[in-house]
Amino acid sequence: MGIGKQRSASRQRATRALLMAVAAIVCATVVVPRTSTGEETQREDGKRGRLGHRLIAQLPPGFSGASPDEIRNHLANEYILGQFLTTKLRSVDRRCSYGFTVDTDFSMTLDTLKTSADESLSNECGQRLSSLLRTIEPNEAEFDLARKRIAAAKMRASSRQSTYLALGVRSATVEAYRELYTEGTPEKIWLSLDAGDFENSRYDKFLDWYDKRFGGTTADAFSVAPDTPDNLTAQHVCRIRPIPMVQQLDIAKGGWGQRAILVIDQGYSTDGLAGIENPTLRNLCPPHAQTAPADSGVTDQVGGILSCAREHLGKDKWLVVYSNERPVASLEEMKDLAQTIAKSLGGETCSETRSRIYVVNFTGVP
């Protein structure tokens with residue numbers, strides 16, 4: 001009887017810590033307007049929508065010296081929290097329809113699923129979420145629903161074989177990132193999370209995680225992570241360029257409709273036309289501004305079937321160039337394009353540990 005009371009009191013304390021921490025996340029969250037660039041964001045649950053208003057919160061990881069298992073557990077619990085938040089908010093006000101992402105820097109983003117965003121509505125949804133989380137009491141049934149939905153989404157993603165090139169390229173780039181990042185890094189762990197991580201999650205462990213990470217946390221301890229230009233370029237400047245600047249990465253998979261794609265390290269800085277400084281790269285991305293020099297070397301045949309996607313893992317920002325029409329670009333065409341881009345970049349610096357441009361060659365049978 002004494003043990004049962006102790007467990008009950010411990011769970012009540014953990015639940016209170018959970019509510020305080022989640023409320024703090026919302027208090028530290030800001031609504032950041034983002035303008036559409038003609039690109040579409042790809043969500044892990046398969047939903048797609050134009051960039052709108054985002055609720056962005058930076059969670060305090062405190063993970064100096066953390067083991068890979070601790071990082072894996074932390075990221076999995078953040079996914080469960082994100083699913084719980086978006087489900088609860090929509091059940092209270094169906095206008096507040098958000099998807100969520102968890103990044104390798106331990107930030108969480110709630111991004112509107114609507115094709116257009118109303119700033120006043122985004123502010124209202126943020127306030128409603130903050131008010132809601134001061135009164136709710138998460139229970140085990142809600143936890144189970146959240147983790148099962150994440151597990152199902154991961155299962156669908158692993159078996160996705162879309163006939164649409166723009167959807168399949170997400171699976172293709174994930175395979176490239178798995179080759180580029182080393183074992184034990186947050187990026188590699190994030191990329192390897194699968195349905196099993198959520199099928200095996202336990203409610204008591206989830207509450208213990210919150211009690212350990214966020215117990216007694218105040219709103220001031222949560223930093224805001226706005227989607228604004230940063231000093232990324234300055235952080236990643238290298239003094240000696242790796243050789244070669246262009247590198248081929250062979251992957252023994254079918255490519256999800258793609259024969260070859262390009263992934264370009266630091267290919268962009270922010271969303272919008274101004275976020276891609278190099279005119280040759282910018283002209284490959286919608287809306288096509290036709291700003292590339294006449295002698296850029298990008299042929300109309302290749303340039304007319306290509307598009308791009310901007311992706312990031314933590315502080316790393318990758319520009320992915322892929323085919324959005326059939327017949328898709330061949331390996332040789334993509335290699336030639338990579339050399340053209342390298343020439344247009346001139347003497348620009350790059351990451352110390354990576355080539356600047358990777359030609360990802362899918363050698364498996366489509």
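E277 to Q248: FRET efficiency via 1/(1 + (r/R0)^6), r the Cβ-Cβ distance, R0 22 Å, to the nearest 0.05? Provide the component values of the computation, followed by the final result.
Details: r = 25 Å, r/R0 = 1.15.
Rounded to the nearest 0.05, the efficiency is 0.30.
Say each of T185 and N200 gets a label point 7 Å from the Cα, pointing the same way as Cα to Cβ; how far apart are those two points in nm?
For T185 paired with N200, the spin-label model returns 2.5 nm.
Given the Cα-Cα distance of K212 and A157 and 0.36 nm per residue of separation, how much length would full extension add, in nm? Mind dumping the intermediate values first?
On the way: separation 55, 0.36 × 55 = 19.80 nm, distance 3.12 nm.
Gain in length upon complete extension: 16.7 nm.
Output wanted: per-residue J couplings in Hz (rounded whole) for the range 193-209, from phi through Karplus 6.51 cos²θ - 1.76 cosθ + 1.60, θ = phi - 60°, x for Gly and Pro.
Per-residue couplings from phi come out as 4, 9, 4, x, 5, 9, 5, 9, 5, 10, 4, 5, 5, 5, 5, 4, 4 Hz.
Return the distance in nm (one decimal) between the two label points of a simple spin-label model at R128 and V365, each offset 7 Å from Cα along Cα→Cβ.
In this crude spin-label approximation the distance works out to 5.2 nm.
Pull up all non-local amide H partners of F100: gap of 5 or more, or a different chain, and H-to-H distance under 5 Å with H placed in the peptide plane.
Amide H to amide H, under 5 Å and 5 or more residues apart or across chains, F100 pairs with D111.
First measure r as the distance between the Cβ atoms of L193 and E325, then evaluate 1/(1 + (r/R0)^6) with R0 = 25 Å and state the FRET efficiency to the nearest 0.05. Before the final figure, lay out each step's value.
Numbers: r = 32 Å, r/R0 = 1.29.
With a Förster radius of 25 Å, E is 0.20.
Using θ = phi - 60° and the Karplus curve 6.51 cos²θ - 1.76 cosθ + 1.60, what whole-Hz ³J(HN,Hα) does each residue of the range 360-365 get, with Gly and Pro shown as x?
Whole-Hz 3J(HN,Hα) from phi for the range 360-365: 8, 9, 8, 9, x, 6.
Quick check on the exposure proxy: order H74, H312 from fewest to most C-beta atoms within 10 angstrom. Don't skip to the end; give the middle numbers.
Details: H74 20, H312 13.
If I rank by nearby Cβ atoms, fewest first, I get H312, H74.
Give me the number: length gained by fully extending T353 to Q339, i.e. 0.36 nm times residue separation minus the C-alpha to C-alpha distance, one decimal in nm.
Values: separation 14, 0.36 × 14 = 5.04 nm, distance 1.97 nm.
Extra length available between T353 and Q339 comes to 3.1 nm.
Taking H placed 1.01 Å from N in the peptide plane, check which residues at least 5 places from Y268 or on another chain put their amide H under 5 Å from its amide H.
Answer set, sorted by chain and number: L319.
In whole Hz, what ³J(HN,Hα) sequence does the range 316-332 give by Karplus (6.51, -1.76, 1.60; θ = phi - 60°), x for Gly and Pro?
8, 10, 10, 9, 9, 10, 9, 8, 10, 9, 9, x, 6, 4, 7, 4, 5
Report the local net charge at D316: Lys and Arg +1, Asp and Glu -1, summed over other residues whose C-beta lies under 11 Å from its C-beta. Write down the numbers at each step before the final one.
Numbers: positive: K315, K317, R354; negative: D103, D105, E187, D265, E311.
Net of charged neighbours comes to -2.
None of the figures in this text is laboratory data; all of them are computed from the coordinates on show. Just so we're clear, the structure is a prediction, and the values are computed from it rather than from any experiment. Reconstructed Cβ throughout: ideal geometry from the backbone, glycine too, with neighbour counts over all protein chains shown.
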